[in-house]
Amino acid sequence: MSISTPNLFILAGTIAAASGYGIWHRASRGRITAKKADFTPLVTPQEIGAPLGSRVTLLQFSSAFCTPCRATRTLLADITEPMADVSHIDIDAESHLELVRRLDIRSTPTTIILDRNGQEISRAVGAPKREQVINALASIL
């Protein structure tokens, strides 16, 4: 069985497109990206059902059957446990759909890093790495 030249071009194009998407997807997940300065609070303690941290709040959006969400929850809880001025709040995305829509949460886990006033500093889509979280926390005074 031989493959005709047009079919080879279609196959090569499909492989190239899938590879490009895979590289982009892998590179964009779990990375913490900084946000532009905005002085309006993103959320209030009443909306999230818990007080904000006195320095930083890690606001994690999760879903029930998300394996990376469980790993992220464990990682963030482990990092924030010894820090009295940092709070980790895990929100079930399915139970807070209005908040998910307003904050443009497109996948879980998504972690938003908030300052003491509830303003977004940065966010991580996907499971962040320990060093990235520690570096992000260290940069916030």
Q. Which value at 222 nm does the chain reach when only helices count, each DSSP H run of 4 or more adding -39,500 (n - 2.57), with the total divided by all residues and rounded to the nearest 500 deg cm²/dmol?
A. -12500 deg cm²/dmol
Q: For I121, enumerate residues with amide H under 5 Å from its amide H, sequence gap 5+ or separate chain, H modeled in the peptide plane.
A: I113, L114, D115
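Test of understanding: express the Cα radius of gyration of the chain as a ratio to 2.2 N^0.38 Å, with N the residue count.
It is 1.32.
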Q: Work out from phi, with θ = phi - 60° and the Karplus expression 6.51 cos²θ - 1.76 cosθ + 1.60, the ³J(HN,Hα) of each residue of segment 76-83, listed in order in whole Hz, and give x for Gly and Pro.
A: 5, 5, 5, 5, 7, 3, x, 9
Q: Could you rank the peptides 84-90, 20-26 by their average count of other C-beta atoms within 10 Å per residue, with the highest value first?
A: 84-90, 20-26
Q. What are the ³J(HN,Hα) values, in whole Hz, obtained from phi via the Karplus relation 6.51 cos²θ - 1.76 cosθ + 1.60 with θ = phi - 60°, for each residue of segment 48-54 in sequence order, with x given for Gly and Pro?
A. 9, x, 7, x, 6, x, 6
Q. Of A64, A16, A124, which has the largest mean-square fluctuation in a 10 Å C-alpha GNM of the chain?
A. A16
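Here, each number is a calculation from the coordinates, and none is a lab measurement. Remember, it's a predicted structure, so these values are computed and weren't measured experimentally. Positions of Cβ are backbone-derived with ideal geometry, glycine not excepted, and every protein chain shown enters the neighbour counts.
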